[in-house]
Each structure stands twice: as C-alpha cells, then as structure tokens.
Amino acid sequence: MKSKLLDKNSDKIWRKIIPLALGILLAAHNGNTFAQNEKNFRPVSINSDHIYGSEFAPVSIILYSDFDCPYCRNLRTSLKRLVNESDGKVNWVFRHFPLDGNIPDTQIQAEATECAAKISGNDGFWALANALFITPRRTKPSTQTIISRAAKMAQLNEAVLNKCIKMGKLVNNVSEDKLEAKALGFSGTPGLVFIHNKSGKKEIKQGALSLTQLRQQTQALYKL
C-alpha cells in the first residue's frame, strides 16, 4: 500500500517537473538562438520603422506580428497602454511576421499597412494596423473585405490603397521583416525584442506577455 502511494506521489512530482524543465530548456534554447543570430537584428530607425510613442524613447519593444494572430491582437492593447503610461521612456516598433500558414492573406494585409504608411505616414500605418486587428473575422471574410472594412475605419482612401497594393512595390518591406524574424529564431507570433537603444542591450521573448511582464522587462532596461 505504501509503495503504491509513493508511486502516485512520484507521478505527481514528475508531472510538475517535466513541463517546468521543458520550459527552462526552451527558454535557454531561444536565448541561445538569439545570441547566435543577434547580428541579424536591425537597429530601430526613425526613418524606416513604424514607431508608436516617442521616437527618442530610451527603450523600444519590437513586435514581430501577424494580423491574424489572436495573441498579437490582445498584446497590442497592453503595448499601447504601456507606451502611453511610460512618460516617453518606451516606444513600440511594429515589424511584420506573416506566418506561412496564413499567407497570402496576412501578407497582403501587411502590404496594405505599408501602403497606408506611404500614403498617410506613420499615423496612417497605425490607423490601418489597429483597424485590421479589430476587424471581425468569425465569418471568415475575404482578405479584400477585411482590408476594405479596415480602410473605412481608418478613414483611408480605399481606391488609392488598393492601387498601391496591386502595384506590389512594398512587398519587400514585409519580406525583410519576416526574414529578420526567422533569422532571430522566432518560430511563431508574437515575437518580442526589448532593446535599450543607447547601450544596445537586448532581451528576447516569445509569446503574449502580460502587462505586468512587459513592465518588468522595460523597467529593467531603462534603468541602465
């Protein structure tokens, strides 16, 4: 009887230890992958990046995102709140990572935001990006329908936007972001890089962090 109880207790312990150990190994693997591929990281640029918040914030959070990613959709509200409450200490940089399983839909949506940036600047980009995230998808509307609804919400000229998308001149903007995300070791979205812009110190995280976790990461960096 005692032996059976010990076996049951051992099973319970191992069930707790194994997932924890796997999580630690995965985190270590991600950290090592990023360290090995850090040379592939592109510094934040006020000329080419889409920045929410102060361009001169000491800390940046780079989000590699897919517009069909529900975790990214939820994370964006926390990122906006964090930046808005940071007194200029943190900004949010958006980079594209349309996942292979969602292409061509999210690739085209990403290209649409690049067109919005070209047409209406940084404000145009963020207006369309936000609209794309909140556009309902439960009925599985077509990509064109999603972009059309989002463009109206963002108060963009839909005809001009569609013309830009069809020209395909901004495809490389999206492709470069995606290649960078893969080179850094990200396998899915959201992918996050926290960087202290002056020192260059970086931290990588995969997954949807809570607002508390985002604050902890950024506070550790802007104290440098």
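The values are calculated or read from the model by the stated rules, or taken from the named source; none is laboratory data. Predicted model, so just to flag it, every value in this text is computed and none were measured. Note: ideal-geometry Cβ built from the backbone for every residue, glycine included; neighbour counts use all protein chains shown. Side chains are part of the model used for accessible areas, which takes the heavy atoms of the whole protein and leaves out ligands, DNA and RNA. Shrake-Rupley method; radii C 1.70, N 1.55, O 1.52, S 1.80 Å.
A compact table of results
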{"read-out": "Enumeration of residues in the range 135-144 that are touching a Lys or Arg at 6+ places or on another chain (Cβ under 9 Å) and loosely packed, with under 14 Cβ neighbours inside 10 Å", "value": "Pro136"}
{"read-out": "Residues within the range 104-126 that are out of contact with any Ser or Thr (no Cβ under 7 Å at 6 or more places or on another chain), in a helix (DSSP H, G or I) and closer than 17 Å to Gln144 by Cα, tallied", "value": "9"}
{"read-out": "Which listed residue, of Val174, Val193, is of a type outside the set (Ser, Thr, Tyr) and in a helix (DSSP H, G or I)", "value": "Val174"}
{"read-out": "Residue check for Phe133: part of a loop (DSSP other than H, G, I, E, B), within 18 Å of Tyr64 (Cβ to Cβ) and of a type in the set (Phe, Trp, Tyr)", "value": "no"}
{"read-out": "Filtered residues of the range 149-172 (kept if in contact with an Asp or Glu (Cβ under 7 Å, 6 or more places away or on another chain) and closer than 15 Å to Gln107 by Cβ)", "value": "Ile165, Leu170, Val171"}
{"read-out": "Number of the condition not met by Gln109 [criteria: (1) of a type outside the set (A, V, I, L, M); (2) out of contact with any Asp or Glu (no Cβ under 6 Å at 6 or more places or on another chain); (3) crowded, with 20+ Cβ neighbours inside 10 Å; (4) at pLDDT below 95]", "value": "(4)"}
{"read-out": "Subset of the range 78-105 that is among the polar types (S, T, N, Q) and farther than 13 Å from Phe56 by Cβ - its residue that is least open to solvent (accessible area, probe 1.4 Å)", "value": "Ser78"}
{"read-out": "Filtered residues of the range 145-171 (kept if in a helix (DSSP H, G or I) and surrounded by fewer than 13 Cβ atoms within 10 Å (Cβ to Cβ))", "value": "Lys152, Ala159, Lys163, Lys166, Met167"}
{"read-out": "Residue list for the range 186-224, restricted to those being within 30 Å of Asp100 (Cα to Cα) and aliphatic (A, V, I, L, M)", "value": "Leu192, Val193, Ile195, Ile204, Ala208, Leu209, Leu211, Leu214"}
{"read-out": "Residues that are under 22 Å from Pro58 (Cα atoms) and open to solvent by 70 Å² or more (accessible area, probe 1.4 Å), drawn from the range 175-204", "value": "Lys198, Ser199, Lys201"}
{"read-out": "Every residue from the range 205-214 that is of a type in the set (Gly, Ala, Ser) and open to solvent by 30 Å² or more (accessible area, probe 1.4 Å)", "value": "Ala208, Ser210"}
{"read-out": "Selected residue (only one of Ser60, Ser45 is among the polar types (S, T, N, Q), at pLDDT 95 or above and under 27 Å from Ala116 (Cα atoms))", "value": "Ser60"}
{"read-out": "Condition broken by Gly101, with the remaining ones in (1) in a helix (DSSP H, G or I); (2) closer than 22 Å to Gly188 by Cα; (3) in contact (Cβ under 8 Å) with a residue 12 or more places away in the chain satisfied", "value": "(3)"}
{"read-out": "Complete set of residues in the range 52-68 that are open to solvent by 10 Å² or more (accessible area, probe 1.4 Å) and either part of a loop (DSSP other than H, G, I, E, B) or within 16 Å of Asp177 (Cα to Cα) (or both)", "value": "Gly53, Ser54, Glu55, Phe56, Pro58, Asp68"}
{"read-out": "Yes/no for Asn157 being touching a strand residue (DSSP E or B) at 6+ places or on another chain (Cβ under 9 Å) and at pLDDT 95 or above", "value": "no"}
